[in-house]
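Please read the structure below before turning to the comments.
Please treat every number below as a calculation from the coordinates, not as lab data. All figures in this text were calculated on a predicted structure; none of them were measured in a lab. Cβ atoms come from the backbone with ideal geometry, glycine included; neighbour counts cover every protein chain shown.
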Amino acid sequence: MATLSVKLLEELVTCNICLNQYDEGIRKPKFLQCSHTICLECFQAIRNRYTIACPFCRTSTSNGHIYEIEWILPTNQYALDILRLMRTALKVEEDNQFIAALAMRYCREMEEALDEESVLDQEQEQEQVTAKTDSCDTSNSETFDQELKYWNL
Ligand SMILES: [Zn+2]
Ligand SMILES: [Zn+2]
């Protein structure tokens with residue numbers, strides 16, 4: 001169902017002559033008088049001086065045979081809106097993937113940090129043990145010194 005909708009949307013934003021997606025520039029979607037839409041580039045390629053025969057239904061669209069004025073067909077804004085909508089949806093999907101990736105990295109970093117912390121705990125414990133050992137040694141040596149002093153006396 002979802003795949004079908006995307007396919008339908010893609011058809012609505014694709015020129016059926018050159019099979020390129022419409023855009024805001026040279027591939028602007030243009031309505032013919034029969035309501036079929038082709039891109040501006042294809043329009044320029046297949047138009048005659050005053051008329052164009054629709055490539056889908058052969059209906060003739062004309063500019064009223066006025067050669068002097070530039071022939072401007074109405075733009076199919078719906079196609080452009082759908083295009084923008086699709087790009088936004090795609091961006092949201094990319095953003096979600098980015099957030100998911102960030103969350104994954106955060107979790108991994110947290111795990112690593114926790115591992116480091118436990119290593120650090122061990123190191124601290126070892127330091128404390130070493131400190132204790134040192135103090136023991138010191139007190140022992142002091143006691144030993146005192147004992148020596150005692151015996152020397
Ligand atoms: Zn085209
Ligand atoms: Zn047509």
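How much net charge surrounds residue 75 when only other residues with a Cβ under 10 Å from its Cβ are counted (Lys, Arg +1; Asp, Glu -1)?
The answer is +1.
Quick one: 3J(HN,Hα) in Hz for the range 34-45, Karplus 6.51/-1.76/1.60 with θ = phi - 60°, rounded, Gly and Pro as x.
Coupling constants for the range 34-45: 7, 6, 6, 10, 9, 7, 4, 4, 5, 4, 5, 6 Hz.
Run the quick spin-label model on residue 62 and residue 5: label points 7 Å from Cα toward the beta carbon, then report their separation in nm to one decimal.
4.4 nm
Given the range 37-83, what whole percent of its Cα pairs are spread farther than 17 Å?
37 percent
Amide H of residue 28 versus every other amide H placed in the peptide plane: which residues, excluding those fewer than 5 positions away on the same chain, fall under 5 Å?
Counting only residues 5 or more places away or on other chains, the set is 23, 40, 41.
Please compute the length gained on full extension between residue 46 and residue 93, using 0.36 nm multiplied by the number of residues separating them and subtracting their Cα-Cα distance.
13.1 nm
Across every pair of different alpha-carbon atoms, what Kirkwood hydrodynamic radius in Å does the range 2-117 reach?
Computed over the range 2-117, the radius equals 17.2 Å.
On a full-extension model of 0.36 nm per residue, what is the gain between residue 116 and residue 18, subtracting their alpha-carbon distance, rounded to one decimal in nm?
Roughly 29.4 nm would be gained on extension.
Tell me, what is the FRET efficiency for residue 77 and residue 104 to the nearest 0.05, using R0 = 30 angstrom and their Cβ-Cβ distance as r?
Here the calculated transfer efficiency is 0.15.
Going by amide H atoms built from the backbone, whose H comes under 5 Å of the H on residue 54, apart from near neighbours?
Long-range HN contacts for residue 54: 59, 60, 61.
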